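S.K.: Got a structure here, written out as structure tokens. Questions coming.
The values are calculated or read from the model by the stated rules, or taken from the named source; none is laboratory data. In this text, all values refer to a predicted model and were calculated from it rather than measured experimentally. Counting neighbours? That spans all protein chains shown, and the Cβs are built from the backbone with ideal geometry, glycine included.
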Amino acid sequence: MLASPSTSVHSTPRDWLINVLGGDAPRPPPWARASDAAVVDVLDAARAEGVAVAVFYALRQKPDWQALPEALQTGLTNAAKQGIAWELASQAEVIRALQAIASAGIDALALKGAALAHLLYPEPQCRPRGDTDLLVADRQTADRIYALLQPLGFRKHLGVEGHYISHQFSCTKSGPQGISITFDIHWRLSNANLLAQRLDFADLWAERRPLPALGSTASAPSAHHALIHALFHRAWHLGEGDPDRLIWLYDIHLLCQSLDANDWKRFVDEASRCRLQPLCRDGLEDISALFGTNVPDAVNRALSSVPSRGPLSQLQIKRPGIRRKLVDLLSLPTWPQRLTWMREYAFPDAAYMQRRFGADTRWKLLAAYISRGLGVHGRGRRRKAP
């Protein structure tokens, strides 16, 4: 059913950005002419939401472009130029790395922005991302990839190691013009066990689609798998206290627009198999309210057939707090696995603690664990989601 967008009056810069991305007439809102500060506000919002370049491409060929304040035109144009520069500097390095991986006989899928930028957007720079996410079959394969990337200049980041609290690592090199090229190598689809335990590499690889923009051997998840992943990714980051960024919401909107009737059926079937109907339904309702996204009635009915109730429903992952952690913990099927998760969460590996806190003696390491347990150092560095 086609819902109405949530805003018809551009009361804030974010409202105006939503309406532009949703295809509404981009007439200059009243606040845009109020002052230079108002233009700065909308440019800051566009950058923070990750949609400055997408907004530029949505507006540039429309008659109302010339009616926008000159400072707004300039700011959006500069964002587009910066996006093009990043693409030109990074894409050759990314393709080179992917070719090395494929030549070694390793199967890998490009995830999230790295794939969606080329599959959904008019130009890849419309979908900013700070890294290239790859999914592989297991940890051993991820280590093989790092061995291939090291001679190309990539170096691994400091990160927590464990069986259940982390399913990825990052590695970076300096590219042309000082731009950093980063790969996030995943051997599970998410660090969240709620998804990692229900949708694995073999499932996604069996229904992959080609991604020729990143080379003849590059692949990405199918549209219906990408939609499940995007809905989960957004919900998980909300639970981490991150803002509900428009770029994640717009990804989901565009994915919905790209699905045909068969894709929607496969989406419902896979969401049901993974027992993620409540989470998927909740996310699609948010997108429909925001962009007027057309979600078929049959899809809404199918996803609504499984209610989400109780203090430990899967929707708790959207909300920071202990219940979110309990939902993720209980998604592990056995108590030995759950006990391992608790140990890894409470006591990260010693190598990480030594490097993270400079704990070069046994007593300093003990003090670091105590400080971490008391919350003095927090629970580790948060990564900015692409």
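S.K.: Residues in segment 320-368 that are assigned to a helix (DSSP H, G or I), small (Gly, Ala, Ser) and free of Cβ contacts under 8 Å to residues at least 60 places away in the same chain: how many?
M.R.: Within segment 320-368, residues that are assigned to a helix (DSSP H, G or I), small (Gly, Ala, Ser) and free of Cβ contacts under 8 Å to residues at least 60 places away in the same chain number 4.
S.K.: Let me ask something else about it. When segment 181-203 is examined, which residues are found to be out of contact with any Gly (no Cβ under 8 Å at 6 or more places or on another chain) and of a type in the set (Ser, Thr, Tyr)?
M.R.: 190
S.K.: Of the residues that sit in segment 118-133 and are in contact with a helix residue (DSSP H, G or I) (Cβ under 7 Å, 6 or more places away or on another chain) and of a type in the set (A, V, I, L, M, F, W, C), which one is nearest to residue 212 (Cα to Cα)?
M.R.: Step by step, filter segment 118-133, then rank; the result is 120.
S.K.: Could you say whether any residue in segment 110-133 is modelled with pLDDT of 95 or more, surrounded by fewer than 16 Cβ atoms within 10 Å (Cβ to Cβ) and in contact with a Ser or Thr (Cβ under 9 Å, 6 or more places away or on another chain)?
M.R.: Checking segment 110-133: not a single residue is modelled with pLDDT of 95 or more, surrounded by fewer than 16 Cβ atoms within 10 Å (Cβ to Cβ) and in contact with a Ser or Thr (Cβ under 9 Å, 6 or more places away or on another chain).
S.K.: Oh, and also: hydroxyl-bearing (Ser, Thr, Tyr) and surrounded by fewer than 16 Cβ atoms within 10 Å (Cβ to Cβ): does that describe residue 361?
M.R.: yes
S.K.: Moving on to the next point. Which condition number does residue 275 fail, the rest of (1) within 17 Å of residue 308 (Cβ to Cβ); (2) part of a helix (DSSP H, G or I); (3) more than 17 Å from the chain's Cα centre (by Cα); (4) not hydrophobic (A, V, I, L, M, F, W, C) being met?
M.R.: With (1) within 17 Å of residue 308 (Cβ to Cβ); (2) part of a helix (DSSP H, G or I); (3) more than 17 Å from the chain's Cα centre (by Cα); (4) not hydrophobic (A, V, I, L, M, F, W, C) applied to residue 275, the lone miss is (2).
S.K.: Considering each residue of segment 316-364, count those that are under 25 Å from residue 279 (Cα atoms) and of a type outside the set (Phe, Trp, Tyr), and give that number.
M.R.: So the count comes out to 22.
S.K.: While we're looking at this one, here's another question. Scan 137, 147 and give me the residue that is of a type in the set (A, V, I, L, M, F, W, C), in a loop (DSSP other than H, G, I, E, B) and at pLDDT 95 or above.
M.R.: 137
S.K.: So, of the residues in segment 55-77 that are over 14 Å from residue 23 (Cα atoms) and of a type in the set (Gly, Ala, Ser), which turns out to be surrounded by the most Cβ atoms within 10 Å (Cβ to Cβ)?
M.R.: Looking at residues that are over 14 Å from residue 23 (Cα atoms) and of a type in the set (Gly, Ala, Ser), I get 75.
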